[in-house]
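One structure is given here, and the rest of the page talks about it.
The values are calculated or read from the model by the stated rules, or taken from the named source; none is laboratory data. Computed from a predicted structure; not experimentally measured. Cβ: placed from backbone, ideal geometry, glycine included. Neighbour counts: every protein chain shown.
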Amino acid sequence: MRSAEVVRETLETRVEVRVVLDGSGEARVRTGIGFLDHLVETLLYYAGVDAEARVEVKRRVDDHHVAEDLALALGEALRRAAGDRVARYGYAVVPMDECLVLAAVDYSGRPGAYVELPFTRGEVGGLATENVEHFIASLASTLRATIHVDTLRAGNNHHLAEAAFKALGMALGRSLRASERVVSTKGAL
């Protein structure tokens, strides 16, 4: 079973994450920020990852540390569970009503996040929209993957964020599927 547990503790938060890669997408996320919980549960559902994640806020600053620390712990857990025998590449294009978002993942060992989400509001559901992009960048850093999330058509800010996390979840799920070999002409990721 490809699974992992990660605990990340800082002066601001304590994050506990458990993942099972080859699951059915049953996820329970508790951060205290309802919209962030919804987005991450959506990402995990579409990735087919079973997970539990809990963030205890030790020192309330703002939503930045909650989103960042959760993403860092989640990326590390996914990386530990996946190893290097994965499909490596994954992509998806997802419509959510008027919005259309493309996500692509290269699980390569080379972290990078290239995200274009033109939000028109400063926050949605208690989550600063700048932290949607920051979550993706933080996830990419500890997952050690290159992630692209590009808006093909924008609209409602809630729809835009949700389309991004659905597309990213589908792309992640495809890239982390088990493979019999290391998918690289170099022989190593």
What do you reckon, is ALA47 in contact (Cβ under 8 Å) with a residue 60 or more places away in the chain and either on the phi < 0 side of the Ramachandran plot or touching a Gly at 6+ places or on another chain (Cβ under 7 Å) (or both)?
yes
State which residue is modelled with the lowest pLDDT when the search covers only the stretch 75-89 and only residues that are surrounded by 20 or more Cβ atoms within 10 Å (Cβ to Cβ) and out of contact with any Leu (no Cβ under 6 Å at 6 or more places or on another chain).
ARG88
Can you confirm whether the stretch 117-133 contains a residue that is surrounded by fewer than 21 Cβ atoms within 10 Å (Cβ to Cβ), touching a Leu at 6+ places or on another chain (Cβ under 8 Å) and of a type in the set (A, V, I, L, M, F, W, C)?
yes
Number of the exception - ALA27 against (1) under 17 Å from LEU168 (Cβ atoms); (2) surrounded by fewer than 16 Cβ atoms within 10 Å (Cβ to Cβ)
(2)
Positions within the stretch 16-35 being in a loop (DSSP other than H, G, I, E, B) and within 14 Å of the chain's Cα centre (by Cα), in sequence order
LEU21, GLY25
Listing of helices (runs of 4 or more DSSP H) fully contained in the stretch 57-176 that carry 2 or more residues being polar (S, T, N, Q) and farther than 21 Å from THR10 by Cα:
157-175
Residue by residue through the stretch 1-15, note down the ones that are among the polar types (S, T, N, Q) and part of a loop (DSSP other than H, G, I, E, B).
THR10
Using the structure shown, decide if ALA171 is surrounded by 20 or more Cβ atoms within 10 Å (Cβ to Cβ), touching a strand residue (DSSP E or B) at 6+ places or on another chain (Cβ under 8 Å), under 19 Å from ALA77 (Cα atoms) and of a type outside the set (Phe, Trp, Tyr).
yes
So for the stretch 136-143 (the condition being surrounded by fewer than 19 Cβ atoms within 10 Å (Cβ to Cβ), at pLDDT below 95 and not acidic (Asp, Glu)), does at least one residue qualify?
no
Are any residues in the stretch 36-56 under 18 Å from ARG8 (Cβ atoms), of a type outside the set (A, V, I, L, M, F, W, C), within 16 Å of the chain's Cα centre (by Cα) and not in a helix (DSSP H, G or I), and if so, which ones?
GLU52, ARG54
Taking only the stretch 30-64 into account, find how many residues are within 16 Å of VAL7 (Cβ to Cβ) and either surrounded by fewer than 21 Cβ atoms within 10 Å (Cβ to Cβ) or of a type in the set (Ser, Thr, Tyr) (or both).
7
